[in-house]
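All remarks here apply to the structure that follows.
Throughout, read-outs are computed from the coordinates displayed, never taken from laboratory work. Note that the structure is predicted; figures quoted are calculated from it, not measured. Using ideal geometry, Cβ is built from the backbone for each residue, glycine included, and neighbour counts are taken over all protein chains shown.
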Amino acid sequence: MGMETISETRQYLSFKLDEEDFALDISKVREVLDFTKITKVPQTPVFMKGVINLRGAVVPVVDLNRKFGIKETQKTVNTRIIIGEVDIDGEHTILGVLADSVHEVMELDPEHIDPAPRIGTRMNTEFLDGMGKRDQEFVMILNIDKVFSAEELAMVSRHEDAASCESGLGA
């Protein structure tokens, strides 16, 4: 999506990871769930928490805190699973994302969104569509399609398929 394409007011789902505010374009969000039992899948990346049963479908759940190098998300009364759709190379994958808390659907005008910071060449900010400004605070706008590499999603997808076969929930 990138900053150059944010030319109109958009709606975003705001949520917290650790102490930081993030947002996802609402068009990428299917639903928000209370924390539920997550079945661990062996030999997966550290950021993959496991899979959940969502109305008979196996959905992988990832911990963005771990993906971003922050401590593991702790289960609290506010912990939620954001069910979203990720597009990688034209492939649609349904994915659950752990959030410490989910706040609201908010609107941001393009003039309230700055480009993601470019801090040298070592910091990767490709996964940020920008920095939204709201009430004197910054909200990092994630481009969920760029958070995970194609290889990481392929690995998650393989484990999702294996879990489907083992549980009898497959397509």
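Of note:
- For segment 1-110, the relative contact order comes to 34 percent (Cα pairs under 8 Å, sequence separation of at least 6).
- Rounded to whole numbers, the Karplus 3J(HN,Hα) couplings from phi for segment 24-40 are 10, 4, 4, 5, 8, 9, 8, 6, 10, 10, 5, 4, 9, 4, 10, 8, 5 Hz, using 6.51 cos²θ - 1.76 cosθ + 1.60 with θ = phi - 60°, and x at Gly and Pro.
- Separation in nanometres of the label points that stand 7 Å from Cα toward Cβ, at E126 and K75: 3.5
- Taking other residues whose beta carbon is less than 15 angstrom from the beta carbon of V29, and scoring Lys, Arg as +1 and Asp, Glu as -1, yields -4.
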